[in-house]
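*Asks:* Shown below is the structure under consideration.
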Amino acid sequence: MAKYWNEKVECMSREDMKKLQDEKLVKQVRHVWDNVPYYKKLMEEKGVTPDDIKSTDDLHKLPFLKKDDLRECYPYGLLGAPLKDCVRIQSTSGTTGKRVVAFYTQNDIDLWEDCCARAITAAGGTSEDVVQVAYGYGLFTGGAGIHGGSHKVGCLTLPMSSGNTERQIQFMRDLNATILCCTPSYAAYIGETLKEMGLTPNDINLKAGIFGAEPWTEEMRQEIEKSLGIKAYDIFGLTEISGPGVSFECSEQNGMHINEDHFIAEIINPETGEVLPEGSKGELVFTSLDKEAFPLLRYRTRDICVLSRAKCSCGRTLVRMTKPMGRSDDMLIIKGVNVFPSQIETVLLKDFNATPNYQIVVDRVGNTDTFEIKVELSDEMHTDTIKSVEMLEKKLSADIHQILGIRAKITLCEPKSIPRSEGKAVRVIDKRKVYNA
């Protein structure tokens with residue numbers, strides 16, 4: 001039977017949800033107009049005032065916000081509340097340009113943790129559970145959000161952070177952790193380490209995992225579920241909007257439910273900005289309905305996905321979003337072809353049955369792009385003859401060519417030769433960027 005943290009909201013009728021969003025949006029637009037001069041200027045340039053926004057039907061009239069706007073406004077330019085009312089900041093893990101710093105009032109934190117509590121409950125979590133948080137803490141939102149949500153549910157919370165994997169497994173066993181929360185790449189690494197230690201899923205007490213902060217495929221989900229003996233749930237969020245818990249997966253594992261009482265989601269054409277009808281593939285845009293300190297309206301996430309309001313058998317009526325299918329800004333263009341790393345991962349894990357440890361290396365020699373995929377062999381595959389390894393490389397190259405339409409150099413590497421990640425995995429190394437500097 002489905003379990004909910006807030007059944008009234010999670011199962012609210014579409015009519016009541018629309019009414020709630022309408023009321024909150026009108027109030028939020030006025031709040032931003034009165035307190036965020038930067039966005040007020042954008043509205044004025046577009047000829048829009050708060051009086052023009054009477055419901056969510058008018059949302060398309062508002063200007064977009066992009067990451068460039070956030071960097072331009074660093075650090076206080078988009079602050080929507082007095083600094084004395086703010087109790088925390090979190091920041092993106094970006095490595096280029098200025099970081100994005102998001103501010104939180106206590107109410108913002110309470111709402112964020114409530115969203116994470118919904119995700120933990122949807123994964124089967126109750127006050128009887130032990131939640132091991134192996135997301136990074138500090139400025140990164142992962143650890144802080146899930147930690148607070150776990151407390152709200154009443155779980156015994158292990159604030160492990162990432163790293164020291166053998167100790168992670170020791171605590172997991174000694175304290176009978178039942179829910180693991182971390183990045184999917186780190187979950188895969190924990191499963192790999194468990195096997196190296198001579199242990200099996202029967203030697204731990206985990207029943208579920210809540211994984212996010214980086215793209216991962218259904219094939220990788222199956223690998224993790226098998227290696228840890230769990231059910232793996234997806235969670236989505238971004239620092240700019242709050243952190244993990246903007247949306248979460250239910251037991252159906254068929255899209256992530258967006259917490260629509262706090263966030264309005266749109267899908268747009270990334271090139272024209274046109275709002276697309278439900279079921280269309282496009283760029284995800286979020287509007288925060290309740291944020292006080294950092295109230296972003298129509299923020300372009302650059303994540304590509306699809307929204308669906310089809311009835312979910314879990315009973316929730318919240319709109320669902322697919323796993324991000326790539327990003328409109330970090331999509332690779334190789335030899336004129338659009339390439340998403342998720343396409344490559346699907347081939348590696350589904351068609352090739354490789355390990356989830358790989359790297360995509362793109363470079364430019366003269367005026368020609370080079371495209372290499374380094375794939376780590378499993379222990380079983382490593383015992384094969386050189387001839388069989390060469391055959392595997394050729395087969396994988398052909399499969400990649402069939403999916404992408406271009407050829408890649410395939411390099412099969414020895415086990416453990418690709419650096420492991422205890423945070424977000426570094427999947428793409430694009431050396432061409434030095435030519436564009």
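*Asks:* With just the Cα atoms of the range 86-201, tell me how far they stretch along each of the three principal axes, in Å, largest first.
*Replies:* Principal-axis extents of the Cα atoms in the range 86-201, largest first: 47, 37, 19 Å.
*Asks:* Taking 37 °C and 0.692 mPa s as the conditions, I'd like the Stokes-Einstein D for the range 245-366 in µm²/s, using the Kirkwood hydrodynamic radius from alpha carbon pairs. Could you put the intermediate results ahead of the total?
*Replies:* Values: Rh = 16.4 Å.
Approximately 200 µm²/s, per Stokes-Einstein.
*Asks:* For the range 309-370, taking Cα atoms only, what is the radius of gyration to one decimal and the Dmax to the nearest whole Å?
*Replies:* Every Cα atom of the range 309-370 included, Rg and Dmax give 17.0, 57 Å.
*Asks:* Shifting gears a bit: Note down the nm distance, to one decimal, between modelled labels 7 Å out along Cα→Cβ at Ser280 and at Asp379.
*Replies:* Result: 5.1 nm between the two label points.
*Asks:* What order do Thr272, Thr141, Thr322 take when sorted by accessible area (1.4 Å probe), most exposed first?
*Replies:* Greatest to least solvent exposure: Thr272, Thr322, Thr141.
*Asks:* Mind checking which lysines have their C-alpha under 26 Å from Lys27, skipping anything on the same chain fewer than 8 residues away?
*Replies:* Lys8, Lys18, Lys19, Lys40, Lys41, Lys46, Lys54, Lys61, Lys66, Lys67, Lys84, Lys291
*Asks:* Here's something else I'd like to know. So which aspartates and glutamates pass the test for Lys335, namely a Cα distance under 17 Å, with those fewer than 8 places away in the same chain ruled out?
*Replies:* Asp363, Asp369, Glu372, Asp430
*Asks:* Turning to a different aspect of this structure: In the P(r) worked out for the range 98-161, what percent of Cα pairs fall beyond 16 Å?
*Replies:* 44
*Asks:* Could I ask something else about it? Given a 1.4 angstrom probe, what's the average accessible area per residue across the chain, in square angstrom? Don't jump to the answer; show the numbers that get you there.
*Replies:* Working: 19500 Å² over 437 residues.
Ligands and nucleic acids excluded, the figure is 45 Å² per residue.
*Asks:* Kirkwood hydrodynamic radius, the range 191-299, all distinct C-alpha pairs: what's the number in Å?
*Replies:* Every distinct Cα pair counted, the radius reaches 16.1 Å.
*Asks:* For the range 232-286, what does the equivalent ellipsoid look like in terms of its semi-axes, each the square root of 5 times an eigenvalue of the Cα gyration tensor, given largest first in whole Å?
*Replies:* 21, 14, 9
*Asks:* Between beta-carbons, use under 12 Å as the cut-off and find the net charge around Thr157, counting Lys and Arg +1, Asp and Glu -1.
*Replies:* Residues close to Thr157 contribute a combined charge of -1.
*Asks:* Next question. In deg cm²/dmol, rounded to 500, what helix-only [θ] at 222 nm does the chain give when every DSSP H run of at least 4 residues adds -39500 (n - 2.57) and the total is split over its residues?
*Replies:* -9500 deg cm²/dmol
*Asks:* Given the alpha-carbon gyration tensor of the chain, what are the semi-axes of its equivalent ellipsoid in whole angstrom, ordered largest first, with each equal to the square root of 5 times an eigenvalue?
*Replies:* On the way: eigenvalues 268, 154, 77 Å².
The equivalent ellipsoid of the chain has semi-axes of 37, 28, 20 Å.
*Asks:* I'd like the Karplus ³J(HN,Hα) series for the range 407-417: coefficients 6.51, -1.76, 1.60, θ = phi - 60°, whole numbers in Hz, and an x wherever there's a Gly or Pro.
*Replies:* Per residue, the Karplus-derived 3J(HN,Hα) values read 9, 10, 7, 9, 10, 8, 9, 5, x, 6, 7 Hz.
*Asks:* With θ set to phi - 60° and the Karplus curve 6.51 cos²θ - 1.76 cosθ + 1.60, what are the ³J(HN,Hα) couplings of the range 11-23 in order, to the nearest whole Hz, using x for Gly and Pro?
*Replies:* Ordered by residue, 3J(HN,Hα) equals 10, 5, 5, 4, 5, 5, 5, 4, 4, 4, 5, 4, 5 Hz.
*Asks:* In µm²/s, what is D for the range 1-145 at 10 °C and 1.306 mPa s, where D = kT/(6 pi eta Rh) by Stokes-Einstein and Rh is the Kirkwood radius from Cα pairs?
*Replies:* 88
*Asks:* List the residues of the range 281-311 whose backbone N lies under 15 Å from a point placed 7 Å from the Cα of Asn6 along the Cα-to-Cβ direction.
*Replies:* It comes to 288-292, nothing else.
*Asks:* Next up: For Trp33, Trp5, write out the residues from largest to smallest accessible area, computed with a 1.4 angstrom probe and no ligands counted.
*Replies:* Trp5, Trp33
*Asks:* Let me ask you something else. With a 1.4 Å probe and every protein chain kept in, tell me what percent of the accessible surface of the chain is carbon plus sulfur.
*Replies:* Roughly 50 percent, rounded to a whole number.
*Asks:* Which angle from 0 to 90°, rounded to the nearest 10, does the C-alpha axis of helix 165-174 make with the longest principal axis of the chain?
*Replies:* 80
*Asks:* Same structure again: On a C-alpha basis, how far is the centre of the range 283-353 from the centre of the range 209-256 in Å? Whole number, if you could?
*Replies:* Each part reduced to its Cα centre gives a spacing of 12 Å.
*Asks:* For the chain, modelled as a GNM with alpha-carbon contacts under 10 angstrom, which of Lys231, Lys152, Lys311 fluctuates the most?
*Replies:* Lys311
*Asks:* Also, I was wondering about something else. Return one number: the angle in degrees, 0 to 90 and rounded to the nearest 10, between the long axis of the Cα atoms of helix 141-153 and the longest principal axis of the Cα atoms of the chain.
*Replies:* 70
*Asks:* Let me test this: with uniform point scatterers at the alpha carbons of the range 287-437, what is the Debye-based log₁₀ I(q)/I(0) at q = 0.10, 0.11, 0.18 1/Å?
*Replies:* Debye curve over Cα of the range 287-437, log10 I(q)/I(0) at q = 0.10, 0.11, 0.18 Å⁻¹: -0.50, -0.59, -1.14.
*Asks:* Given springs between every Cα pair under 10 Å in a Gaussian network model of the chain, which of Gly191, Gly326, Gly47 has the largest fluctuation?
*Replies:* Gly47
The values are calculated or read from the model by the stated rules, or taken from the named source; none is laboratory data. As the structure is a computational prediction, the values presented were derived from the model and not from experiment. Note that we place each Cβ from the backbone using ideal geometry, even for glycine, and neighbour counts take in every protein chain shown. Keep in mind that these areas ignore ligands, DNA and RNA; they rest on the heavy atoms of the full protein, side chains included. Shrake-Rupley method; radii C 1.70, N 1.55, O 1.52, S 1.80 Å.
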